[in-house]
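Take a look at the structure set out below.
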Amino acid sequence: MKLVCKAKEDNMPYLKKIELDDLQELSTMLKDFWKTQQQDVSKGDILEDLRRLLDPKCVSYLIMSDDKQIAGFIYVNDKYGYVNNIEYLYIKDTFRGQGLGSFALLEIKQILMNKGNERVQIEVMPSNTKALKLYHHLGFDSIDTFTLSTKLPGKTKQIELMGFSFKIND
C-alpha cells in the first residue's frame, strides 16, 4: 500500500493513491456519487470514470478515515498543468460531518502547490449552499468563469448576482 499524504499521527485521516485493488470499492462509491448528483449512469460511464481516476496525468486519491477505512475519494483533472479542476469529491454518508472533505481539499491544495501549480478550482451547483460555504471557508473565493445553462422545462429559482438576474435550476 503506497501512502501519499500520511498524517503525523496514526489516528488521523490521510490520502492514499488509488490502486487496482481499490477498483471494486471505488466503483460502488462512483455509483453513489452520481446518485447524489441526481444522474443515472451506465456501466460504461463508471468504467470511463475508473479509467480517468487511474490516469497518471490526474491527481486522484482515496480519502482514508482516522481508523483506516475508505471514507471517500477525490479526483483532480491535472492535465493542463497550471489550472486544476477538482472534478469529484465524494464522502460516504457514514463519514460526512467529520471534516474529511475539508481535510481532502486542504491536502489537495498543498499537493498541487508543491507541484508548482498556480490555481485549483471546483464547480458547485448554486443550490448546494452547504458546499458553497465550505469551499469559500477553505479559500475558494475567486470566480473565474460562469457556466450558464437552461433547463427545459424545470423548476427554477431567481437570484440576483452582480446586478444580473439568474435562474438556478433545481
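The values are calculated or read from the model by the stated rules, or taken from the named source; none is laboratory data. Note that the structure is predicted; figures quoted are calculated from it, not measured. FYI the Cβ positions are ideal-geometry reconstructions off the backbone, even for glycines, and counts take in every protein chain you see. Just the protein is used for accessible areas: all its heavy atoms, side chains included, with ligands, DNA and RNA removed. Shrake-Rupley method; radii C 1.70, N 1.55, O 1.52, S 1.80 Å.
May I ask you to list the residues in region 19-36 that are of a type in the set (S, T, N, Q), open to solvent by 70 Å² or more (accessible area, probe 1.4 Å) and farther than 16 Å from Glu87 by Cβ?
Listed by number, the list holds a single entry, Gln24.
Please identify the pairs in which a residue from region 117-140 that is over 16 Å from Val76 (Cα atoms) and of a type outside the set (A, V, I, L, M) has its Cβ atom under 6 Å from the Cβ atom of a residue that is open to solvent by 60 Å² or more (accessible area, probe 1.4 Å) and modelled with pLDDT under 85, counting only partners at least 6 apart or on another chain.
Hits for this filter: Ser127/Asp170.
Please work out if Ile108 is part of a helix (DSSP H, G or I) and either modelled with pLDDT of 95 or more or within 20 Å of Asp144 (Cα to Cα) (or both). Spell out how you get there, then give the answer.
Values: part of a helix (DSSP H, G or I): yes; either modelled with pLDDT of 95 or more or within 20 Å of Asp144 (Cα to Cα) (or both): yes.
When the stated conditions are applied, Ile108 passes them.
What about Gly139, is it part of a loop (DSSP other than H, G, I, E, B), open to solvent by 50 Å² or more (accessible area, probe 1.4 Å) and among the small types (Gly, Ala, Ser)? If you could, list the steps in order and put the result at the bottom.
Working: part of a loop (DSSP other than H, G, I, E, B): yes; open to solvent by 50 Å² or more (accessible area, probe 1.4 Å): no; among the small types (Gly, Ala, Ser): yes.
Answer is no for this residue.
Of a type in the set (Gly, Ala, Ser), under 20 Å from Asn117 (Cα atoms) and open to solvent by less than 10 Å² (accessible area, probe 1.4 Å), is that true of Ser60?
yes
Taking region 65-89 on its own, how many of its residues are closer than 20 Å to Asp49 by Cα and either open to solvent by 10 Å² or more (accessible area, probe 1.4 Å) or not hydroxyl-bearing (Ser, Thr, Tyr) (or both)?
Going through region 65-89 one residue at a time, the tally reaches 16.
When you check Lys130 against the structure, is it of a type in the set (D, E, K, R), modelled with pLDDT under 90 and outside any loop (DSSP other than H, G, I, E, B), yes or no?
Answer is yes for this residue.
What residue, among those in region 1-18 that are open to solvent by less than 70 Å² (accessible area, probe 1.4 Å) and at pLDDT below 85, is farthest from Gln110 (Cα to Cα)?
Top of the filtered list is Leu3.
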